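These notes concern the structure reproduced below.
The values are calculated or read from the model by the stated rules, or taken from the named source; none is laboratory data. Everything numeric in this text was worked out from a predicted model, so none of it was measured. Note: ideal-geometry Cβ built from the backbone for every residue, glycine included; neighbour counts use all protein chains shown.
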Amino acid sequence: MPRKAGELYIETQEKITFEISGADLEKVRHFREQHKNCFRGEVLEQFTYSFSPSGMGVALEVRCSCGKILELGDFAGAGR
């Protein structure tokens, strides 16, 4: 898949690709900037990205090693 400037792509082992762009990408960048000084593990893992596809859209959760969570998607935070 061609990569465009200003987009973040995550590819799974099964070759499923998720894209973060637009306002969601700006929110992810801001979240990462806010947490740039948080703990990084032995292999420098700091952020975990979780994509949950459904018939209503794709929910994205970005979790920092400090425990803070950023929820994105069309239905982020629904029912909470």
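Miscellaneous remarks
- Among the residues making up the stretch 16-37, those that are on the phi < 0 side of the Ramachandran plot, assigned to a helix (DSSP H, G or I) and either within 13 Å of the chain's Cα centre (by Cα) or not charged (D, E, K, R) (or both) are Ala23, Asp24, Leu25, Glu26, Lys27, Val28, Arg29, His30, Phe31, Arg32, Gln34.
Okay, residues lined up against (1) among the small types (Gly, Ala, Ser); (2) at pLDDT below 80; (3) surrounded by 12 or more Cβ atoms within 10 Å (Cβ to Cβ):
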position: Leu25; (1), (2), (3): no, no, yes
position: Val28; (1), (2), (3): no, no, yes
position: Lys36; (1), (2), (3): no, no, no
position: Glu61; (1), (2), (3): no, no, yes
position: Gly67; (1), (2), (3): yes, no, no
position: Gly73; (1), (2), (3): yes, no, yes
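- For the stretch 10-23, a residue qualifies if it is among the charged types (D, E, K, R) and either at pLDDT 90 or above or surrounded by 12 or more Cβ atoms within 10 Å (Cβ to Cβ) (or both), and exactly one does: Glu19.
- Subset of the stretch 38-59 that is touching a Cys at 6+ places or on another chain (Cβ under 9 Å) and assigned to a loop (DSSP other than H, G, I, E, B) - its residue that is modelled with the lowest pLDDT: Phe39
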